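Asks: I have a structure I would like to understand better, so I am pasting it below and will then ask my questions one at a time.
The numbers here are math on the coordinates, done by the rules we state, and not lab data. Keep in mind that what you see is a predicted model, and the values were worked out from it rather than measured. As a convention, Cβ positions derive from the backbone with ideal geometry for all residues, glycine included, and neighbour counts pool all protein chains shown.
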Amino acid sequence: MCSQHVVVYKAHGHQLFVAIMTITADTWAIVSATGLGPVLAVALTLWREAAKAKNSRRLHVFRTLMATRRIHISNDHVSAINLVEVDFYKCRNVEAAWKEYRNHLIDNGKLEDQYWREKKENLLAKFLCEIGVVLGFKIPAIDIFRGGYAPKGWEHRDNRATNAVEYIYELSQGKRSVPMAATSFPVSQDAVDKQNSVQDALFKTLSGERPLKIKSEGGVDA
């Protein structure tokens, strides 16, 4: 409750009563809430929207990496890896796993054999596990390593496409040649008939069935 103090002033023979109200702490709280309430509500809304957008970006990266974990060459996979540095900034465990996985991928000094691929999948599983922890997913790394699916036909298709591009490049550099084999030649029927006639006449002459005509220089047949 508010208390009041009454002060009496005398001016020109008249009394003037002035009431001064003392504002309590509760009244100040009401006034502050009335003035600051809308501001705090807007600030809270903006904060919640920013947090929601941040979580949505992180979830997009996580979903993309999970969807492409069995695809050896994928533009989406590479794009998601490059976004981790931004969307998971200051997530120490995620950044450490990301750097380890990235360094393995960009190490050109190692042969991409079976050992290299198995280590790549192990590092990716660890990396995805750390991201899942940040997003609230409790997926063991071993389940991530064993999970996922990609048809063998995709790998075969990608390998053939890569080989075709490499072949065309080496062909343009003069390092490869195009194999060629003649399977048939264009033949004229008239030429075939004449050749058969010549062969037939030659055979009859050599076998004695047809005499060999000899023409002398004087134009007399022998």
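Asks: With an 8 Å Cα cut-off and a minimum separation of 6 or more residues, compute the relative contact order for region 50-172 in percent.
Replies: Relative CO of region 50-172 lands at 26 percent.
Asks: Continuing with the same structure: Sort the following peptides by mean Cβ neighbour count (other Cβ atoms within 10 Å, averaged over residues), highest first: 88-99, 191-202. Numbers along the way, then the final one.
Replies: Working: 88-99: 15.7, 191-202: 10.4.
Packing order, densest peptide first, comes out as 88-99, 191-202.
Asks: Per residue of region 171-181, in order, report the coupling 6.51 cos²θ - 1.76 cosθ + 1.60 (Karplus, θ = phi - 60°) as ³J(HN,Hα) in whole Hz, putting x for Gly and Pro.
Replies: These are the phi-based 3J(HN,Hα) values: 5, 5, 8, x, 8, 10, 10, 8, x, 10, 9 Hz.
Asks: With a 10 Å Cβ neighbour count serving as the proxy for reagent exposure, in which order, fewest first, do T64, T34 appear? Working shown, then result.
Replies: On the way: T64 17, T34 9.
Fewest-to-most Cβ neighbours within 10 Å comes out as T34, T64.
Asks: Same structure again: Could you sort out which of K54/K110; K52/K90; K54/K120; K90/K120 sit more than 26 Å apart by Cα distance in this structure?
Replies: K54/K110; K54/K120
Asks: Among 65-72, 171-178, how do they line up from the highest to the lowest mean number of other beta-carbon atoms within 10 Å? Present the calculation step by step, with values, prior to reporting the outcome.
Replies: Values: 65-72: 17.9, 171-178: 9.0.
By packing density, highest mean first, the sequence is 65-72, 171-178.
Asks: Between H156 and S184, how high is the FRET efficiency from 1/(1 + (r/R0)^6) when r is the Cβ-Cβ distance and R₀ = 45 Å? Nearest 0.05.
Replies: Numbers: r = 33 Å, r/R0 = 0.74.
The value I calculate is 0.85.
Asks: A follow-up question, please. Can you run phi through the Karplus equation (6.51, -1.76, 1.60; θ = phi - 60°) for region 75-83 and list ³J(HN,Hα) in whole Hz, with x for Gly and Pro?
Replies: 5, 5, 5, 5, 4, 5, 4, 6, 7
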